[in-house]
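Below is one structure, written out as structure tokens, with a few remarks after it.
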Amino acid sequence: MAVASIVVASLSLCASILTAWLTLFRRGGLAMTTPTVLFFGFDEVPTITAKIFLRALLYSTGVRGQVIEGMHAKLRHGNDEQVFGFWGYGEINKLVPGSGLHVGQTGLAVNHHFVRSVHEPAYEFRPGNYTIEICAHLVGKKQPTKLGTFALSLNDKHAAVLAQGGGILFERNPIDHQYVGHARDHRGPA
């Protein structure tokens, strides 16, 4: 009987330690859902500069959550890679420069705006295949965390709209999961 009590107590202690680790001590990771919309266009403040917009849910896989210091987008087109290093989030009328954002287990669904620095040369969107990689810089981590990579195509008509200062809104098709773009006659995604 004493041996059975010791075994049960030991198993109970192990279960308690595991539960405490999973709920209190383990930080988990940061993840992002696949955006249903992506946008290529331009921002006008303080000067006209290229912009990538998307809406996605950020969430933590651990109870403690994650703190994001900043985010950036890498845009690849052929052999060209450009970093859109200025990040803002929120609704269009309440856009906040990104820094110090806590993301919990329940998540945070916001608009993410990635803009090229005004100190860099102007970016020209050309026809072809693009890959967008979204990365987050987390507090306490030296390397950025890759949250997702998304592919889309820009046709000649879309590139012409962008060359005139317009924008292209890409919607994710729920059947084949491909992004389909259509022109917007003004600069903003909404």
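The values are calculated or read from the model by the stated rules, or taken from the named source; none is laboratory data. What you see is a predicted model; the values in this text were computed from it and never measured. Backbone-built Cβ (ideal geometry, glycine too); neighbour counts: all protein chains shown. Heavy atoms of the whole protein, side chains included, go into the accessibility calculation; ligands, DNA and RNA do not. Shrake-Rupley method; radii C 1.70, N 1.55, O 1.52, S 1.80 Å.
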| Given the residues 146, 141, 157, which is the only one that is without any contact (Cβ under 8 Å) to a residue 40 or more places away in the chain, under 14 Å from residue 73 (Cβ atoms) and not hydrophobic (A, V, I, L, M, F, W, C)? | 146
| note | Considering residues that are open to solvent by 20 Å² or more (accessible area, probe 1.4 Å), within 23 Å of residue 28 (Cβ to Cβ) and over 14 Å from the mean Cα position of the chain (by Cα), the number found within the range 46-66 is 3
| said: Tell me yes or no: at least one residue of the range 31-41 is more than 28 Å from residue 153 (Cβ to Cβ) and crowded, with 19+ Cβ neighbours inside 10 Å. | reply: no
| said: Which residue is nearest to residue 68 (Cα to Cα), if the candidates are limited to the range 159-170 and must be surrounded by fewer than 15 Cβ atoms within 10 Å (Cβ to Cβ) and among the hydrophobic types (A, V, I, L, M, F, W, C)? | reply: 163
| query | Consider residue 150 against the criteria (1) modelled with pLDDT of 90 or more; (2) in a loop (DSSP other than H, G, I, E, B): it satisfies all of them except one. Which criterion is unmet? | reply | (2)
| Which of the residues that make up the range 75-103 are within 18 Å of residue 30 (Cα to Cα) and open to solvent by 50 Å² or more (accessible area, probe 1.4 Å)? | 99, 100, 102
| query | Would you say residue 113 is outside any loop (DSSP other than H, G, I, E, B), touching a residue at least 12 places away in the same chain (Cβ under 8 Å) and open to solvent by 50 Å² or more (accessible area, probe 1.4 Å)? | reply | no
| Candidate set from the range 129-158 (those that are surrounded by fewer than 17 Cβ atoms within 10 Å (Cβ to Cβ) and of a type in the set (Gly, Ala, Ser)); member that is nearest to the chain's Cα centre (by Cα) | 148
| message | Name the single residue that is modelled with the lowest pLDDT among those in the range 25-64 being touching a Ser or Thr at 6+ places or on another chain (Cβ under 8 Å) and closer than 18 Å to residue 119 by Cβ. | response | 43
| request: Report the residue count in the range 65-110 for those that are part of a helix (DSSP H, G or I) and modelled with pLDDT of 90 or more. | output: 0
